[in-house]
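Student: Okay, handing you the structure first.
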Amino acid sequence: LAKTTQPISMDSYEGQEVNITCSHNNIATNDYITWYQQFPSQGPRFIIQGYKTKVTNEVASLFIPADRKSSTLSLPRVSLSDTAVYYCLVGDGGAAGNKLTFGGGTRVLVKP
Amino acid sequence: EAGVTQFPSHSVIEKGQTVTLRCDPISGHDNLYWYRRVMGKEIKFLLHFVKESKQDESGMPNNRFLAERTGGTYSTLKVQPAELEDSGVYFCASSQDRGRGYTFGSGTRLTVV
């Protein structure tokens, strides 16, 4: 399974855009990139998933360069409630991809 | 749509006792997973059910852990006998399509004293 590297923590302020970059140099051809968000005392929550280029949903955007060795999760105009740990995961999104490998995640603190 | 439900939310037991954790996945989700995070460590995969069958149990730490999913609905994870190092948060997740967008429960915090 491809290993991911992401910053341990990031601070931001309300209304700002937060960008978290994840490195996954050993990503395989079949691997998808998935991001989860976790609040204290809750389980991880799926945010977004992509394979290449850009994916956008109502919560975030995911930018993936052509070489797919990294990805950037973009959270627009964060609020205090976006304070959480964000995990970048890489794995086979198809039928064989059933095991998620979590790293340490990025702890994002949004300040007033 | 109800989410993934785990029971109990917290459990404190003595070393050597038995504890059974329960997970109710989202209705219709064939795939059910157990993960856990022990203190200071990363979230780790334990096992994966497809309906009532164990698809992958490579993450189960030892034979003190027994997971079942009778009838392919809810699942239980029994720890017998519990040891101090079993303390942590046990998460259950379910999905319709393997590897895509799991829905996690809020977890069971297990404390073995």
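The values are calculated or read from the model by the stated rules, or taken from the named source; none is laboratory data. Not measured: the values here are computed from a predicted model. All Cβ positions, even for glycine, are placed from backbone atoms using ideal geometry, and neighbour counts span all protein chains on display. Note: areas computed on protein heavy atoms with side chains; ligands, DNA, RNA excluded. Shrake-Rupley method; radii C 1.70, N 1.55, O 1.52, S 1.80 Å.
Student: Of the residues in the range B:12-40, how many are touching a residue at least 24 places away in the same chain (Cβ under 8 Å) and in a loop (DSSP other than H, G, I, E, B)?
Tutor: 12
Student: Return the residues of the range A:62-85 that are open to solvent by 20 Å² or more (accessible area, probe 1.4 Å) and either touching a residue at least 60 places away in the same chain (Cβ under 8 Å) or in contact with a Leu (Cβ under 9 Å, 6 or more places away or on another chain) (or both); say none if nothing qualifies.
Tutor: Hits for the range A:62-85 are A:63, A:72, A:77, A:79, A:80, A:82, A:83.
Student: I'm trying to understand the selection: among the residues of the range B:80-113, which are closer than 13 Å to residue A:100 by Cα and in contact with a Cys (Cβ under 6 Å, 6 or more places away or on another chain)?
Tutor: B:92
Student: Right, next: What strands (runs of 3 or more DSSP E) lie completely within the range A:14-112 and have 2 or more residues being in contact with a Ser or Thr (Cβ under 9 Å, 6 or more places away or on another chain), more than 30 Å from residue B:109 (Cβ to Cβ) and not hydroxyl-bearing (Ser, Thr, Tyr)?
Tutor: So the answer is A:53-56, A:61-64.
Student: For the range A:29-38, give me each residue that is more than 9 Å from chain B (Cβ to nearest Cβ) and β-branched (Val, Ile, Thr).
Tutor: Of everything in the range A:29-38, those that are more than 9 Å from chain B (Cβ to nearest Cβ) and β-branched (Val, Ile, Thr) turn out to be A:29, A:33.
Student: Pairs only if they're at least six apart or on different chains, beta carbon under 7 angstrom, first in the range B:59-85 and without any contact (Cβ under 8 Å) to a residue 12 or more places away in the chain, second surrounded by 13 or more Cβ atoms within 10 Å (Cβ to Cβ) and of a type in the set (Val, Ile, Thr); list them, first residue then second.
Tutor: Correct list of pairs: B:68/B:76.
Student: Could you tell me which of the residues A:74, A:61, A:41, A:23 is within 11 Å of chain B (Cβ to nearest Cβ) and farther than 23 Å from residue B:56 by Cβ?
Tutor: Of A:74, A:61, A:41, A:23, the one residue that is within 11 Å of chain B (Cβ to nearest Cβ) and farther than 23 Å from residue B:56 by Cβ is A:41.
Student: Test residue A:106 against the criterion of being more than 10 Å from every other protein chain (Cβ to nearest Cβ), open to solvent by 10 Å² or more (accessible area, probe 1.4 Å) and among the β-branched types (Val, Ile, Thr), and give yes or no.
Tutor: no
Student: Still on this structure, I have one more. Considering the range B:44-101 alone, what residues qualify as being at pLDDT 95 or above, open to solvent by 10 Å² or more (accessible area, probe 1.4 Å) and at the interface with chain A (Cβ under 10 Å from one of its Cβ atoms)?
Tutor: Passing the criteria: only B:89.
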